[in-house]
Amino acid sequence: MAADRRALIRGGLRALGFVGASALAVGLLAAAAAVTWPDYRAEPPSVVVQPAESRQQRVCPGPLLTLGADAAAATTVTSVGPADLVTAAEPADAVLEQVPLEAPGNAGGAADGTPIAIAAEPGGVDAGMLAGAQSQAVASETLRGFAATACAEAVAESWLVAGATNLGRSGLILLANPSPVAATVDVRVFGEAGAVEAPSALGIIVPAGTQRVLSLAGLAPNLVSPVVHVTSTGGAIAASLEHSVVIGLAPAGIELTGVTAAPATSQVIPGVPVPQSGGVEATEDHADGDDHPAVRLFAPGGDAAEVSIGVVAESGVGGGTIETTLPPGQVLDVPLGTLDAGTYTIRIESDAPVVAAARTTVGGAQGQTDAAAPSDLAWTVATAPLLDSAVVAVPPGPSPTLHLVNSGGSAAEVTVTGAGGERVVSVPAAGAASVAIDGDRVVLAGTQGLHASVSFIGADELASMAVQPPGPLDSPLQVYPR
Amino acid sequence: MFPRVTAILVVHHGGDRLSRTLDAIRAQDRTPDALVVVLTQADADARAQVAAVGASHVVETGESLSFGDAVRAGERVLDAPASDADALWLLAEDSAPDATSLRALLATLETARSVAVAGPKLVEWDEPGRIAALGRTMTRLGRSMPIVADELDQGQHDGSSDVLGLEPAGILVRHTAWQALDGFDPALPTVDDALDLGVRARLAGHRVVVVPEARVRFAAAGVAGPPGDGRGRSRRRRARAARAAALHRRLAYAPAWTVPLHWLSLLPLAVFRSVRLLLTKQPGVIPGEFAAALTTMFSGLRVSRSRRVLRSARTTGWSAVAPLRMQPDEVRRRRQAATEERKLRARGRTDELQFLGTGGGWVLLGAAVASVALFSWLIGSTGVGGGGLLPLSGFAELWRNAAYGWRDVGTGFVGAADPFVGVLAVLGSLTFWSPSFVLVLAWLLALPAAAMGAWFAASRLTERGSIRALAAIVWAVAPPFLTALAEARPGAVVAHVLLGWLAFAVFGAATSWAAAATGSLLFAAVIAAAPSLAPALIVAWMVALAVSGRAAVRLAGLPIPALVLALPLIVEQVGRGTPMALLADPGVPVGGPTPTVWQLALGLPSGGWGGWDELVRDLVQLDPRIVASVLVLPLVFAALAAVLAPGIRRALLALGTVVLGFATAVAATHVSVAIVGPDVVPVWAGAGLSLAWLGLTLAAVVSISAVRRGFALISGAVALVSIVAVVPAAVVIAIDDVPLAPAAERSLPAYVVARADSDPRVTTLRMQPESDGGMRATLEHGSGLTLDDQSTLDQTSTELSAKDEELATVAGNLASRSGLDPEAAVREFGVAFVLLAPARGDDREALQAEARAKTALDGNPALVAVGRTDFGTLWRFASAVPDEPAARIPANAGGWLGALITTVQVIVILAALLLSIPTGAGREPDRRMPRRGRGTRGDGGRGPSPAVGESTTEPDEVSETGSGPGPEPEPEPATEPESTTESEPVPEQEPEPEPEPDTALEPASKGDDDGR
């Protein structure tokens, strides 16, 4: 009996011990999980490297060109008169140097001038405080209209969203290499049917300090909606695209378009000028021609993209939102609907990175007759957000207007200093503002995160010119030496 | 004339021995004519006893005198000897002469005028039938040897007469000779004093004899001669005194012109003898060896005094001594006898591991097959890469990188090496022709090696083959181990493999110096491979010290090699204020998702649910977390059940190890110290989990071995479930869907590697765009990074050196449009190539940074584009020339400090290595506790291996494999290492649950079986 009891007690104690140990284990786990243990985290050392001051440089594409003006040499290009070039820098007295680039393809280069590289002395101006712009109005048998372009930095990768090569349209790709080393350039063209096979456009050598001109039609004939992707190794390239239209026999506009913002899921096209009311509904299947406001979209990723296009008038009244789907690998021109005359901001949100630019025209009426043909067209490209300050060179042209778009959540006060003195412009949150410009130099302050462009609207002249921030090449870089 | 005999009695302590000695002196049939008692630091007892006998003189000194000095003090009070026949009888409190002793001694002196010193036969105090000493002599080389030691007295030596020397107790010496010889040499206070006296007497033309008829009981209490007890401390003191005496005699006896040579040889000899002492597992004697050499070398005038005394009394040549030296054949015979005895002892003591008998061979075979199945795609490749693996440098550079000096990583600096590089160097030396190949071998052999470690560790706890196999399986398929293998983490793999062996060695350390030294080396290797285990292992070591009683002597040195290897690193890290960085995993930092506590509890150190999430989602509607948890429960329950097994201490120690390991793992997830560009990599939690798994495994072994029926079934079930739990992880490895990959032999483009053939220091600036838009810029030399180049000192530094900042400036400007002279990269760092690695993933910021850098590098006229490679875009500096001065390693970078550190480290590691060589069989005293018949009681009868050979008749020789010390690293405090007389059995604390039915099958148990 006593032995039994002892065995029983012993068994009970053992069971208790086991339960106790299990409880202890669970308790330990709970403690480990429940208690917020302090973290020890080393701080990675890094150095923010401010690149040593170097020569800032902008490349102006030079005079407008025409293809095959000389019947004897139909494949050569010839300039049609000189372009007006203005430069601006902050401080205003910074020493600027204008270096003409070689333009061996241009038969008229000697008379009309060549592309110009504007350069400031190292340390002469801060990053982005150097600007140049050119404008040119032409009226010839084949070209008519007004084009204004900002001089751009040479970069390794550019997207040109403009042009057409169907009947009556022609396009020239201008590749300028201002750097001291030759550039090997690949030009890839995408159209409404997808990527265009153009092996001849790969591996183009652009010698140092030289501009080369390619015919877009030569690479990709009969495209309604081309998008051009320029990449270079070796030297960097400042690319631009000249787009001219002839309807019937009448020239119906010209534009020299710069580089649009890099692919992103969110793009802003500021200050799209719509001089006349009208347009084609976005749902219209056969929106042929180019006399209606439209936006050109392309998703380089190769996948379909759901895109939402917000069209907002600068005044804040009117506009709407267009939902559309980008087919994979194809370029899509989306008509912006019937719009009242004015200036519009186009905001694009997409689930995949896209490139975008908007096209508008002036003059002419609805219809496709010669007489009713538009007299000029303009491509307004998407821009990247500005730094806190910027300087804008304003070339001669009809009623130049600076458009500021604030995509941020709070209103921005921008100080605009032009020939007429200093003005403070308030740009409401998620809104836009515009300023008429006098003089050829505008200095902006307080523009952090804003988008800007300059439009020129005349009775039969239309042009738009982006104000892009400086490229990242001069910006500080965080370096981790471990 | 009637000779006058004065007995000089030296007394330290009173008591029984003294009174018996005094009685014995009084009881002499030829009583001494006078009794001089010398009291040295005597207690009151002794004084009272001495006062009672009425000595002729009592000399009292407050200081502790050696026997020789005490006798000298006693002799000083005597009158000058009246005749040549007057004699002194030197006695100590613990030397009780038989009644006829003095008569016999005196008779010898009287009959032979030539005899100056006569000594008695010393017999054991408690056992007068045993001879304690009968004269002393020396070999040709001067080594002091007893003529007879510890023999049963059967009258076999009663014919002895002339000897070279004696033991000091009980000798009768002519007073005139004593004065002429100036007594005992004060430089020989405890050992060889009487031998030296004999030698000098002999050289002075006298004879020295033993008189076997005179018997003196002698207790060796330390008054005359060294104390003779068996305690370790006394043994070490005795060894030191003997060595000091031998060296002193060597200098005193040597021809004058050889004395400087002997003097110079003392230290080198001490080093050589230390090596031998390590091999014979007597490390405790080494300090005494050096102390003896140093005190002899710097003993002032003692040697010259001894030489002067010897010379002044000397009348004959050394040839007079020669016939009495021990002859070489006798020396040889004694050595052979000792060897025989050692062999005899060793034979009874081999560990009965029963490797083949309990299925160890099958476990090894199974583990090897599993390893081949898992890594079949690795067989035949010459290297292995991915994850944290990089190639190893060549043999020479590998060892250079293991030492303090130039750390060839990044801009390079002088600093401490990670101890892990030492481990890599040892491994790489196995395949010295191609060190990188050893990594393939390591991965192929890791599984069997780990399984064997656990098997052997379990063999210390149980004799049942099935339970040993269970331990091997559970340990080899431990999730943290497989994860470390899959993620190519060399440190974690090494740590896991060695932890089992460490447990095995530490279990053995309780009884063996060789095991303790092996354990210390493994301890160092484990901590080197996984420094995050250091806190847990040190806590475990301290617990082990506390509970291991006498075995603590051998455990005390466990962390010494680890400490010596890590000390330079510790000093540098603490010195710069980043002590936490010591926990950083060595090698390439490999990041990963941080596991939750739940995942850690399942042994999953890399987030995820052991592959069950993917598998379960596709097959059944079950929460993968539940599946993964359920599959770990059997092992956990088996481990927790250890508290039910007899011997709660073992269970607590094993479960304590689990807690320590788990705490380490949880803490590791909260410590991020290794810096890779903008990221900080947390310490790998898997090492802690490995430790926890070891505890679980051992606890499960403890609990299952307590089960008497069905233990094989339980073992099988637990092992099976443990295997099932890791099936998804194993499949992923087997199809090579893991970071581990057959080698990319290089980490730089072939163009650079080709250049590195002719220019080994060719420098590449690697730029890696990071997700925050920043740029990681690092320098790589030669054909790319190697595993042994890596330095946690570099990885964990939160400060940038001036060179780092300069590198950042150069790299940042190269990646920008800049006015900085790009040639600065060549000038300052010897950069020949710039490699722009592609941005990882689709990170927009990183892509922009890449595009920016590419544009800038493309547009840089100082650079020539080489082109696109597998590793990124490559540029070449047009102006770079081979062997750029800026890329060279500075000569003698480590300086004298590096040489010193390396020397100390090499000495310590070599010493541990020598000590770990198992030459000690039979030399080390048998410290194992006799089998208590408890921990393995059920085993003998039912286990697959009946304890053959354990029922030997000698209880001292009973081999103990089963109830060894407790779980790692806390051995049971059960053993009494040095002394059997003082051994105190450690009682079990758990009550015995039930009477055992099969005690008859148990080996004979010694009397400490808890009395139950």
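The values are calculated or read from the model by the stated rules, or taken from the named source; none is laboratory data. Please read these numbers as outputs of a predicted model, since none were measured by experiment. Cβ atoms come from the backbone with ideal geometry, glycine included; neighbour counts cover every protein chain shown.
Within the stretch A:432-482, considering only strands (runs of 3 or more DSSP E) that don't extend past its boundaries, which have at least 2 residues that are at pLDDT 85 or above and either touching a His at 6+ places or on another chain (Cβ under 6 Å) or within 14 Å of another protein chain (Cβ to nearest Cβ) (or both)?
Correct list: A:477-480.
Within the stretch B:653-666, count every residue that is within 11 Å of chain A (Cβ to nearest Cβ) and surrounded by 21 or more Cβ atoms within 10 Å (Cβ to Cβ).
Initially, the stretch B:653-666 is screened for residues within 11 Å of chain A (Cβ to nearest Cβ), giving B:655, B:658-659, B:662-663, B:665-666.
Going one step further and asking which of them are surrounded by 21 or more Cβ atoms within 10 Å (Cβ to Cβ), we end up with B:655, B:658, B:662, B:665-666.
Selection size over the stretch B:653-666: 5.
May I ask you to say which residue of B:Thr578, B:Thr596 is closer than 29 Å to A:Ala30 by Cβ, surrounded by fewer than 21 Cβ atoms within 10 Å (Cβ to Cβ), within 14 Å of chain A (Cβ to nearest Cβ) and polar (S, T, N, Q)?
Checking each option against the conditions leaves just B:Thr596.
Here is a yes/no grid of residues against (1) within 30 Å of A:Asp460 (Cα to Cα); (2) buried (at least 24 other Cβ atoms within 10 Å of the Cβ); (3) modelled with pLDDT of 90 or more; (4) not hydrophobic (A, V, I, L, M, F, W, C):
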| position | (1), (2), (3), (4) |
| --- | --- |
| A:Gln136 | yes, yes, yes, yes |
| A:Val155 | no, no, no, no |
| A:Leu160 | yes, yes, yes, no |
| A:Asn177 | no, yes, yes, yes |
| A:Ala198 | no, no, no, no |
| A:Ala201 | no, no, no, no |
| A:Ile204 | no, no, yes, no |
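Which ones in the stretch B:790-824 are crowded, with 24+ Cβ neighbours inside 10 Å, more than 7 Å from chain A (Cβ to nearest Cβ) and not polar (S, T, N, Q)?
Hits for the stretch B:790-824 are B:Val810, B:Leu814.
In the stretch B:885-901, which residues are closer than 13 Å to B:Val414 by Cβ and out of contact with any helix residue (DSSP H, G or I) (no Cβ under 6 Å at 6 or more places or on another chain)?
First, the residues of the stretch B:885-901 that are closer than 13 Å to B:Val414 by Cβ: B:889-899, B:901.
Result: B:Ile889, B:Pro890, B:Ala891, B:Asn892, B:Ala893, B:Gly894, B:Gly895, B:Trp896, B:Leu897, B:Gly898, B:Ala899.
Quick test of your reading of the structure: B:Asp757 fulfils all but one of (1) away from every other protein chain (no Cβ under 11 Å); (2) part of a loop (DSSP other than H, G, I, E, B); (3) under 43 Å from the mean Cα position of the chain (by Cα). Name the failing condition by number.
Of the numbered conditions (1) away from every other protein chain (no Cβ under 11 Å); (2) part of a loop (DSSP other than H, G, I, E, B); (3) under 43 Å from the mean Cα position of the chain (by Cα), the odd one out for B:Asp757 is (2).
Working carefully through the options B:Thr21, B:Thr31, B:Thr111, find the one that is in contact (Cβ under 8 Å) with a residue 40 or more places away in the chain, surrounded by fewer than 20 Cβ atoms within 10 Å (Cβ to Cβ) and β-branched (Val, Ile, Thr).
On the way: B:Thr21 fails: surrounded by fewer than 20 Cβ atoms within 10 Å (Cβ to Cβ); B:Thr111 fails: in contact (Cβ under 8 Å) with a residue 40 or more places away in the chain.
It is B:Thr31.
Conditions: (1) touching a residue at least 60 places away in the same chain (Cβ under 8 Å); (2) on the phi < 0 side of the Ramachandran plot; (3) in a loop (DSSP other than H, G, I, E, B); (4) not hydrophobic (A, V, I, L, M, F, W, C). A:Thr66 meets all but one. Number of the miss?
Result: A:Thr66 passes all but (3).
Run A:Ser464 past the list (1) touching a Pro at 6+ places or on another chain (Cβ under 7 Å); (2) surrounded by fewer than 20 Cβ atoms within 10 Å (Cβ to Cβ); (3) not charged (D, E, K, R) and report the number of the one that doesn't hold.
(2) is the only condition that A:Ser464 fails.
Filter the stretch B:825-838 for residues that are among the small types (Gly, Ala, Ser) and out of contact with any Ser or Thr (no Cβ under 8 Å at 6 or more places or on another chain); which is surrounded by the most Cβ atoms within 10 Å (Cβ to Cβ)?
Only one residue fits best here, namely B:Ala825.
Name the residues in the stretch A:1-53 that are acidic (Asp, Glu) and either closer than 24 Å to B:Ala581 by Cα or more than 7 Å from chain B (Cβ to nearest Cβ) (or both), would you?
Matches in the stretch A:1-53: A:Asp4, A:Asp39, A:Glu43.
Please report, ordered by residue number, the helices (runs of 4 or more DSSP H) entirely within the stretch B:501-585 with at least 2 residues that are under 23 Å from B:Ala458 (Cβ atoms) and under 11 Å from the mean Cα position of the chain (by Cα).
Per the criteria, B:513-529, B:552-556.
How many of the residues in the stretch B:667-687 are assigned to a helix (DSSP H, G or I) and surrounded by 24 or more Cβ atoms within 10 Å (Cβ to Cβ)?
Residues that pass the stated criteria total 3.
Looking at the stretch A:22-41, can you tell me whether even one residue there is out of contact with any Cys (no Cβ under 7 Å at 6 or more places or on another chain) and under 29 Å from B:Lys803 (Cα atoms)?
So far as the stretch A:22-41 goes, yes, one or more of its residues are out of contact with any Cys (no Cβ under 7 Å at 6 or more places or on another chain) and under 29 Å from B:Lys803 (Cα atoms).
What are the residues in the stretch A:418-431 that are surrounded by 16 or more Cβ atoms within 10 Å (Cβ to Cβ), touching a strand residue (DSSP E or B) at 6+ places or on another chain (Cβ under 7 Å) and at pLDDT below 90, if any?
Listed by number, the list holds a single entry, A:Gly418.
Could you please let me know if B:Val285 is within 30 Å of B:Gln41 (Cβ to Cβ) and in contact with a helix residue (DSSP H, G or I) (Cβ under 8 Å, 6 or more places away or on another chain)?
Criteria met by B:Val285.
Taking the condition part of a helix (DSSP H, G or I), in contact with a helix residue (DSSP H, G or I) (Cβ under 7 Å, 6 or more places away or on another chain), surrounded by fewer than 19 Cβ atoms within 10 Å (Cβ to Cβ) and among the hydrophobic types (A, V, I, L, M, F, W, C), does B:Trp257 pass?
So B:Trp257 fails the test.
Sort out which residues of the stretch B:50-72 are touching a residue at least 60 places away in the same chain (Cβ under 8 Å) and in a helix (DSSP H, G or I), and write them in order of number. Working first, answer last.
Keep residues of the stretch B:50-72 that are touching a residue at least 60 places away in the same chain (Cβ under 8 Å), which gives B:66-72.
Within the stretch B:50-72, B:Phe67, B:Gly68, B:Asp69, B:Ala70, B:Val71, B:Arg72 qualify.
For every residue, the table says whether it meets (1) crowded, with 24+ Cβ neighbours inside 10 Å; (2) under 16 Å from B:Leu785 (Cα atoms).
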residue: B:Leu378; (1), (2): no, no
residue: B:Ser381; (1), (2): no, no
residue: B:Gly386; (1), (2): no, yes
residue: B:Pro391; (1), (2): yes, yes
residue: B:Gly394; (1), (2): no, yes
residue: B:Ala402; (1), (2): no, yes
residue: B:Ala416; (1), (2): yes, no
residue: B:Pro419; (1), (2): yes, no
residue: B:Ser429; (1), (2): no, no
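Do any strands (runs of 3 or more DSSP E) lying entirely in the stretch A:83-145 carry at least 2 residues that are within 14 Å of chain B (Cβ to nearest Cβ) and over 26 Å from A:Ser455 (Cβ atoms), and which ones are they?
A:116-120
So which pairs qualify, if the first residue must be in the stretch B:305-331 and over 20 Å from B:Ala116 (Cβ atoms), the second must be modelled with pLDDT of 90 or more and among the aromatic types (Phe, Trp, Tyr), the Cβ gap must be under 9 Å, and the two must be at least 6 apart or on different chains?
B:Arg307/B:Tyr253
It is to be established whether one or more residues within the stretch B:99-120 are closer than 30 Å to B:Leu39 by Cα and assigned to a loop (DSSP other than H, G, I, E, B).
Checked the stretch B:99-120: at least one residue is closer than 30 Å to B:Leu39 by Cα and assigned to a loop (DSSP other than H, G, I, E, B).
Restricting the stretch B:435-479 to residues that are surrounded by fewer than 24 Cβ atoms within 10 Å (Cβ to Cβ) and hydroxyl-bearing (Ser, Thr, Tyr), which is farthest from B:Leu392 (Cα to Cα)?
Among those that are surrounded by fewer than 24 Cβ atoms within 10 Å (Cβ to Cβ) and hydroxyl-bearing (Ser, Thr, Tyr), it is B:Ser466.
Name the residues in the stretch B:764-788 that are of a type in the set (Ser, Thr, Tyr) and touching a helix residue (DSSP H, G or I) at 6+ places or on another chain (Cβ under 7 Å), would you? Break it down into steps so the answer makes sense when it comes.
Within the stretch B:764-788, the subset of a type in the set (Ser, Thr, Tyr) is B:764, B:771, B:778, B:783, B:786.
Residues satisfying the conditions are B:Thr764, B:Ser771, B:Ser783.
Taking the condition of being at pLDDT 90 or above, touching a Ser or Thr at 6+ places or on another chain (Cβ under 7 Å) and not hydrophobic (A, V, I, L, M, F, W, C), how many residues in the stretch B:570-584 meet it?
So the count comes out to 0.
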